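Read through the structure below, which is laid out as structure tokens, and then see the notes.
What follows draws every value from the coordinates through simple rules; no lab data is involved. Predicted model, so just to flag it, every value in this text is computed and none were measured. Heads up, the Cβs are rebuilt from the backbone with ideal geometry, glycines too, and the neighbour counts pull from every protein chain shown.
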Amino acid sequence: MRLSIRLRQVQHNLAENGPLTTLYKVYFYIYGHLYDRLAGGLNTTSPETVETLAEDGRPLGDRSAAFPCHPRVLRHALMKLKITPQDVFMDIGCGKGRALVEAHRFSFGRLVGVDMISSHISITRGNLQKLGVDPELILGDARTVTFPEDASICFLFKPFPEEVIRECVQRLGSNVRAVILMGTSDLEEIAGYRLTRDYTHRPCSRFNYCIFERESVPQRLEAQPSQPVIADA
Ligand SMILES: C[S@@+](CC[C@H](N)C(=O)[O-])C[C@H]1O[C@@H](n2cnc3c(N)ncnc32)[C@H](O)[C@@H]1O
């Protein structure tokens, strides 16, 4: 992206959020680029794509920007869950695939990403291909797509709209054993699950997370072999 657009974004941020938040965003942006470079030249950092960037360089809104999660914080959450090859990780609203990239470092049997923006899906595919991973990527609205039955660990990261989070968690299959919600959310209860961890990330509350684990342990389905499917909603 052109430097002039970046500078305008910093200006907008300073005006809207003040110097400390802006400084954290600049740090996170640089951190993200280093993360991408060290992982083999990925593209998970910039939240914008042609479909989500307004002409003045501002993201069109939280609902479409592929703002990536903090990989270290997601790793911290996944380490609490004793992942095995029977587990299937599903990122609902996968953006450019940062969470899937991080999840591939664990022993998941399969990775699944869902997003409603096609350029996010193709960028995610490109990123994962660079790592030799072939995830199942589903293009569609998380409120209506059919989630794979074998998904067992579900991840949702704000700025995902609150109402979408609510609708999604209600539709999760019986194989799901844990839901990780990253970002401040007023979702304090999920029927059938109990809150087992409430983590505060300093200095940026955007990366706080909660883990909800199913009260009765589901009978685990075997992870299905990866299907390189792009399903339209
Ligand atoms: C903050 S990004 C998440 C990035 C990714 N989960 C990560 O951790 O790196 C939110 C994503 O949710 C997607 N999204 C928002 N509403 C959606 C919906 N109703 N159905 C599917 N995807 C949605 C957006 O397109 C965006 O890519």
Would you please name the chymotrypsin sites (Phe, Trp or Tyr not before Pro) within segment 153-212 that are DSSP coil residues with at most 11 other C-beta atoms within 10 Å of their C-beta?
none
Given segment 71-214 reduced to its alpha-carbon atoms as identical point scatterers, what log10 I(q)/I(0) does the Debye formula return at q = 0.10, 0.20 Å⁻¹?
-0.29, -1.31
Packing-wise, with mean Cβ within 10 Å as the measure, how do 19-32, 160-173, 89-102 rank, highest first?
89-102, 160-173, 19-32
Quick calc of log₁₀ I(q)/I(0), segment 141-218, Debye, one scatterer on every Cα, no solvent, q values 0.11, 0.12, 0.21 1/Å, result -0.26, -0.31, -0.94
Pull up the DSSP beta bridges for segment 71-214 and report the antiparallel fraction as a percent, rounded to 5.
40
Entries in Lys25/Lys96; Lys82/Lys130; Lys96/Lys130; Lys25/Lys158 that, when Cα-Cα distance is taken, lie over 21 Å:
Lys82/Lys130
